[in-house]
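Down below is the structure, laid out as structure tokens.
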Amino acid sequence: MKRFISVLAGVMAVAMFTPGIFAQSVEMNSAKLYKRQGEIDKAIEWFEKAIAKKPENAEAHFMLGELYGQTGRIQDMVREFDTSLSHSKKYEKEIFVYRQKYFADNFNAGVKAANEENYSAALQGFTNARIIEPEQIDSYKNLAFVYMRMDSIPAVLRSYQELLAIKPDDYETYMTMASIHNQRQEYEKSAELLQKAVAAAPDSARPRIIGDLGITYDMMGKPELAMKTYQDALKMNPGNKDLLFNLGRLYLMRDDYPNAISLLTEVLKQNPEDFEVNYNVGLSYLKIGERLDKRAREIEDEAMAAKKKPNTARIDSLRQAANANFNGAMPYLKKAVELKPDQGSAWHNLGVGYMRAGDQEKAKEAFAKSEALEKN
């Protein structure tokens, strides 16, 4: 009997010297009890008391974070999970699972709300997702998208700046920001961002970015720099259709139609089904024809005003050249309406081409089609 009692005494002695193994504080026991009973507010209160008493209690921080997540206090949840991990890695796997769950829930809620045009709810979802996983750049992109829908441009730019702080080589974000600054006529800033995009982009993407940079320089009133940008780029990428197109577009903006045609027809050799290129080549021929026809009329008017005999040879030559350009426009404009029959402007210019070429019936049909599309 004595031996049996001595063994019990030994066990009791172990329990007395290691209370942390078998017992927890009143605060932790109370918090867990309330948690099991679903009394969330009281459980939070007692976990907070437990932490106040023992700040290094990783379990209390973990469980408090779990409860904060359940009640939508996402920032508090993340703080408690991070604090728990700073004291112990015991709950690392559980915390990872919770973070993934709450990230997905909030991100998907943001997508759903954005699709329903409930932008305040979308902002909340994507903001929470960003707080939970700050390295996930899709949250920043979607925040920028929502802010754009809300016409809050400073917030759009701020979201993109936050994204670039995480991923400074995201050249597409630089391009998007540059486009926004271009729309606001902030060309210096746009050029700066496009230069960063060029530096960050892979070789395959650079021609397109350099094209945008050239357009921006032209908008800044620096046509020589714009041209040099394109020419340098074409030396690096001879025959690149994006550069050819953008340089052709630059010539169009400057009303230099012959050079525009020269470059854009090179693009068509690579992609004959491009609506925009066909349309712009056709439009360029029309513009040249109209310019020549206008000059012929001016010579007639000048002669009449001076009461002199007009230079009929010169006038006939100009009108023949004008007609050649009007006819030259037709294949491209026909192709344009074939590719995109719902484009009213293409039908209108096709009508102009028919009229200038002397086919009045087809001109009327094209104008009627254009007018019908414009009404719709």
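Filter the helices (runs of 4 or more DSSP H) completely within the range 97-183 down to those with at least 3 residues that are farther than 27 Å from L194 by Cα.
119-132
Which residue, of E66, E80, E117, E92, is on the phi > 0 side of the Ramachandran plot and free of Cβ contacts under 8 Å to residues at least 60 places away in the same chain?
Result: E117 is the single residue among E66, E80, E117, E92 that is on the phi > 0 side of the Ramachandran plot and free of Cβ contacts under 8 Å to residues at least 60 places away in the same chain.
When you go through K90, K141, K167 one by one, which is the residue that is more than 30 Å from H181 (Cβ to Cβ) and at pLDDT 95 or above?
Sole residue among the options that is more than 30 Å from H181 (Cβ to Cβ) and at pLDDT 95 or above: K90.
Go through the range 1-32 and count every residue that is farther than 27 Å from S86 by Cβ and either of a type outside the set (D, E, K, R) or at pLDDT 50 or above (or both).
Residues in the range 1-32 being farther than 27 Å from S86 by Cβ and either of a type outside the set (D, E, K, R) or at pLDDT 50 or above (or both): 15 in total.
Which one of E300, E361, E338, E365 is charged (D, E, K, R) and either within 26 Å of L264 (Cβ to Cβ) or touching a Lys or Arg at 6+ places or on another chain (Cβ under 6 Å) (or both)?
Of E300, E361, E338, E365, the one residue that is charged (D, E, K, R) and either within 26 Å of L264 (Cβ to Cβ) or touching a Lys or Arg at 6+ places or on another chain (Cβ under 6 Å) (or both) is E338.
Among the listed residues Y217, Y187, Y174, Y230, which satisfies the condition of being within 22 Å of V267 (Cα to Cα), hydroxyl-bearing (S, T, Y) and either in contact with a helix residue (DSSP H, G or I) (Cβ under 7 Å, 6 or more places away or on another chain) or modelled with pLDDT of 95 or more (or both)?
Y230
Select from the range 283-303 the residues that are modelled with pLDDT of 90 or more, over 27 Å from H348 (Cβ atoms) and of a type in the set (A, V, I, L, M) and list them in ascending order.
Correct list: I299 only.
Please go through the range 257-271 and give me each residue that is surrounded by fewer than 21 Cβ atoms within 10 Å (Cβ to Cβ) and either hydrophobic (A, V, I, L, M, F, W, C) or not in a helix (DSSP H, G or I) (or both), ordered by number.
Across the range 257-271, the qualifying residues are L268, N271.
Inside the range 49-66, can you point out the residues that are outside any loop (DSSP other than H, G, I, E, B) and touching an Asp or Glu at 6+ places or on another chain (Cβ under 9 Å)?
Hits for the range 49-66 are K49, A50, I51, A52, K53, A60, H61, F62, M63, L64, G65, E66.
Any residue in the range 236-250 that is out of contact with any Gly (no Cβ under 8 Å at 6 or more places or on another chain), assigned to a helix (DSSP H, G or I) and either crowded, with 23+ Cβ neighbours inside 10 Å or modelled with pLDDT of 90 or more (or both)?
The answer is yes; a qualifying residue exists.
The values are calculated or read from the model by the stated rules, or taken from the named source; none is laboratory data. Owing to the predicted nature of the structure, the values given are computational and were not obtained by experimental measurement. Cβ atoms come from the backbone with ideal geometry, glycine included; neighbour counts cover every protein chain shown.
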